[in-house]
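A.B. asks: Structure provided below as structure tokens; questions to follow.
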Amino acid sequence: MTSESEKNAAGERTPAGFHPLADLSTGFMFLTRLPFPGRGDRPLSTAAWTFPVVGALVGSLGGLAFWGATLLGMPPVIAALLAVAVTAAVTGALHEDGLSDACDGLFGGYTPERRLEIMRDSRIGGFGALAMVISVGLRVAALTSLHFPDGVLVFLIAAHTLSRANIVLIMNQMQLAGKTGMAATAGRPGLFISALAFIFGLSVTFYLAGLFLTPLGVGVACAVSIGLSWAFMMMALAKMGGYNGDCLGAAQQIGEIGLLLAVLGWINVMGLA
């Protein structure tokens, strides 16, 4: 980053400093298939603070799909499937693809180099297919078990927001595995950008989840979500020396699932259902 300006891939100058609308354009164009005003030419490491903002909208759309299906009298399992389908469609299944590739590489290779090579292969393997089935199945089961549409809407927003805030922190704290790929091109978000994303994600989650849970319950759910994501990233660090874009996608999926399951567990244990 220069002191006055930055250049995009086409050599055009983009403004330096804090430009919320330009950052949002970059965040939405990278993480979703949704149209957003602007060129989206800000460096991804600079625009990473928008990840949880994007997540909040993705979760909202999924929750509204669940709500709408419920209003039409559809069974909870169909409403949950539609909610998951909407979030995947909005993001182009970006994170699901990352989870699949990461599991194929981490569990299918025997050296760091081979694991990265497998992740770059667009074909899906047995580990990846199984991971996709488990991911969709757990999310659908969790949403179905929550029963009430307003709770589904709130917790989907929280799960998508916090899980994306966490991956910005991961990008700041962990080292890259390799010098090519999306994560290497994106760069490392600075401490301010990472803190901004993480604080926003935590704040939104505590406010929304706090509408149904006690502060302790929200704290436990957040700890489970963040802890599971970091546990997966520690495995990636041990197996291939760092993270790549696929691992970030997997961390998002694991964080989302972790929060939904933790919320469901807390509700059941505390007899709130």
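The values are calculated or read from the model by the stated rules, or taken from the named source; none is laboratory data. These figures come from a predicted structure and were not determined experimentally. Here the Cβ is made from the backbone with ideal geometry for all residues, glycine too, and neighbour counts use every protein chain on show. Ligands, DNA and RNA are stripped out before the accessible areas are found, and what is left, the full protein with its side chains, is counted by its heavy atoms. Shrake-Rupley method; radii C 1.70, N 1.55, O 1.52, S 1.80 Å.
A.B. asks: Could you estimate the translational diffusion coefficient of segment 136-187 from the Stokes-Einstein equation, with Rh from the Kirkwood formula over C-alpha pairs, at 37 °C and 0.692 mPa s, in whole µm²/s?
C.D. replies: On the way: Rh = 13.4 Å.
Rounded, D is 245 µm²/s.
A.B. asks: Moving on. Rank by packing, highest mean first: peptides 92-104, 151-163, 111-123, with packing defined as the count of other Cβ atoms within 10 Å averaged across residues.
C.D. replies: Values: 92-104: 23.0, 151-163: 28.5, 111-123: 15.0.
Peptide ranking by packing, descending: 151-163, 92-104, 111-123.
A.B. asks: Next up: For segment 83-138, report the % of Cα-Cα distances exceeding 17 Å.
C.D. replies: The calculated P(r) of segment 83-138 puts 37 percent of pairs beyond 17 Å.
A.B. asks: Right, here's the next one. So what's segment 135-273 giving for Cα Rg divided by 2.2 N^0.38 Å, two decimals?
C.D. replies: Details: Rg = 15.4 Å, N = 139, 2.2 N^0.38 = 14.3 Å.
Cα-based Rg divided by the globular estimate yields 1.08.
A.B. asks: Follow-up. Against the globular-protein guess of 2.2 N^0.38 Å, express the Cα radius of gyration of segment 212-254 as a ratio, rounded to two decimals. Mind showing how you got there, number by number?
C.D. replies: Working: Rg = 12.7 Å, N = 43, 2.2 N^0.38 = 9.2 Å.
Expressed relative to 2.2 N^0.38 Å, the Cα Rg reads 1.39.
A.B. asks: Principal axis extents for segment 74-204, Cα atoms only, whole Å, descending order, please.
C.D. replies: 47, 39, 21 Å, listed from the longest principal axis down.
A.B. asks: So how many Å³ per residue does the convex hull of the Cα atoms of the chain work out to? Walk me through the intermediate numbers first.
C.D. replies: Details: hull volume 34.2 nm³, N = 273.
Enclosed volume per residue, from the Cα hull, is 125 Å³.
A.B. asks: Hey, can you find the accessible area per residue of the chain for me, probe 1.4 Å, expressed in square angstrom? Walk me through the numbers on the way to the answer.
C.D. replies: Values: 12070 Å² over 273 residues.
Spelled out: the 1.4 Å probe surface of the chain, per residue, equals 44 Å².
A.B. asks: Give me the angle, in degrees from 0 to 90, between the Cα long axis of helix 149-173 and the longest principal axis of the Cα atoms of the chain, rounded to the nearest 10.
C.D. replies: Roughly 30 degrees, rounded to the nearest 10.
A.B. asks: As a test of the formula, what do you get for the chain when each DSSP H run with n ≥ 4 contributes -39,500 (n - 2.57) and the sum is divided by the residue count, at 222 nm and rounded to the nearest 500 deg cm²/dmol? Intermediate values should be presented prior to the final figure.
C.D. replies: Numbers: 12 runs with 198 residues, N = 273.
Helix-only estimate at 222 nm: -24000 deg cm²/dmol.
A.B. asks: Something else about it: Can you list the equivalent-ellipsoid semi-axes of segment 187-247, largest first and in whole Å, using the square root of 5 times each Cα gyration tensor eigenvalue? Can you show the working numbers first?
C.D. replies: Values: eigenvalues 140, 53, 11 Å².
Result for segment 187-247: semi-axes of 26, 16, 7 Å.
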